[in-house]
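Contents: one structure, followed by commentary.
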Amino acid sequence: MADNDTIRMLRECDAGVKMGISSLNEVIPDVKNGNMKARLNECLGEHNQLDATIQRALASHCDDGKNPNPAVKAMSWMKTEMKIALDRSDGTIAELMTDGCNMGVKSLSRYLNQYPAADEETKGLAKKLIASEERLSVDLRQYL
């Protein structure tokens, strides 16, 4: 049971970090404010480091991980494209990223509760990803 919870939690972390990386890569080129762009790039670096750690953990369990749900990813992309097309401001990007961070925190927190037997290292990865997204959400409030 513990091993199953660990693998399931790793898969959810994998999907979450991939979604975050995709979203960050999508919006960073449109950001005008240098400080905001630097903060988004910093978060992207954190996510890339977490992704590498998650991939190693998945490989140690002989698992390929999980990609984000294609429908969710497509809806996120469409929402981003439509909002940016209407208003290319940093405020719009901050709003989109804050919403995405909040959804990620909510989902990963739910999975932490759903997979309580996951090993502590895996729970720690989920908590690091949650903390990264929470910090970004707070940091972006000044641009709303």
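Residue-by-condition table, conditions (1) more than 20 Å from residue 4 (Cα to Cα); (2) in contact (Cβ under 8 Å) with a residue 12 or more places away in the chain; (3) over 18 Å from the mean Cα position of the chain (by Cα):
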site: 34; (1), (2), (3): yes, no, yes
site: 52; (1), (2), (3): yes, no, no
site: 80; (1), (2), (3): yes, yes, no
site: 99; (1), (2), (3): yes, no, no
site: 123; (1), (2), (3): no, yes, no
site: 130; (1), (2), (3): yes, yes, no
> Which of the residues belonging to the stretch 112-144 are assigned to a helix (DSSP H, G or I), of a type in the set (Gly, Ala, Ser) and open to solvent by less than 20 Å² (accessible area, probe 1.4 Å)?
Replying inline: 126, 132, 137
> Looking at residue 95, is it charged (D, E, K, R) and more than 12 Å from the chain's Cα centre (by Cα)?
Replying inline: yes
>> Just to verify a result, which residue in the stretch 5-32, among those that are in contact (Cβ under 8 Å) with a residue 60 or more places away in the chain and among the polar types (S, T, N, Q), is nearest to residue 103 (Cα to Cα)?
In response: 23
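Can you list the helices (runs of 4 or more DSSP H) found entirely within the stretch 1-108 that contain at least 1 residues being open to solvent by less than 50 Å² (accessible area, probe 1.4 Å), modelled with pLDDT of 95 or more and out of contact with any Asp or Glu (no Cβ under 6 Å at 6 or more places or on another chain)?
Details: elements: 2-27, 34-60, 70-86.
Once the helices (runs of 4 or more DSSP H) in the stretch 1-108 are filtered for at least 1 residues that are open to solvent by less than 50 Å² (accessible area, probe 1.4 Å), modelled with pLDDT of 95 or more and out of contact with any Asp or Glu (no Cβ under 6 Å at 6 or more places or on another chain), what remains is 2-27, 34-60.
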> Which condition breaks for residue 88 when tested against (1) closer than 26 Å to residue 39 by Cβ; (2) in contact (Cβ under 8 Å) with a residue 40 or more places away in the chain; (3) under 15 Å from the mean Cα position of the chain (by Cα)?
Replying inline: (3)
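The values are calculated or read from the model by the stated rules, or taken from the named source; none is laboratory data. Please read all numbers here as calculations on a predicted model, not as lab measurements. Virtual Cβ from ideal backbone geometry, glycine too; neighbours counted across all protein chains shown. In case anyone asks, the SASA skips ligands and DNA or RNA and just uses the protein heavy atoms, side chains included. Shrake-Rupley method; radii C 1.70, N 1.55, O 1.52, S 1.80 Å.
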